[in-house]
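Every number in this text was worked out from the coordinates using simple rules, so none of it is lab data. Nothing here was measured: the structure is a model prediction, and the numbers come from that model. Cβ placement follows ideal geometry from the backbone for every residue including glycine, while neighbour counts extend to all protein chains displayed.
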């Protein structure tokens, strides 16, 4: 009986620690920004996914969707400043609503901070363009 109790206590402590770590990650502005960027790219791919999963899958339509995705992604990347600003504003609004301040991670040695808008520029160059 005591082994069972000890196992249960250790399991709960480990589970509690993992849950706490996950909550800490979710409570960061970086997580909110990442979700907004991922959402944008998933929405681009949704028509293709629906086409490929339909019963009467039309491969020509799927190829058109792929070309559209590639074209829109390239346009987004080429004009990343204008494309990313509304995403950043949405994420910043959500973060503010959740009581978070939109900041970027600490800058390590050798990297320079962007002077115009450090948070917007950081997320655009390190997250948005990366996708």
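Odds and ends about this structure:
- FRET efficiency, residue 19 to residue 126 (Cβ-Cβ, R0 22 Å, nearest 0.05): 0.20
- The per residue volume of the convex hull around the alpha-carbon atoms of the range 28-128 is 120 Å³.
- Extension gain for residue 26-residue 81 works out to 17.2 nm (0.36 nm per residue, less the C-alpha to C-alpha distance).
- Relative contact order of the range 28-128, defined on C-alpha pairs under 8 angstrom at six or more residues apart (%): 38 percent
- Computed FRET value (nearest 0.05) for residue 53 with residue 96, which takes r as the C-beta separation and R₀ as 25 Å: 0.10
- Segments 82-95, 51-64, 21-34 sorted - mean Cβ within 10 Å per residue, highest first: 82-95, 21-34, 51-64
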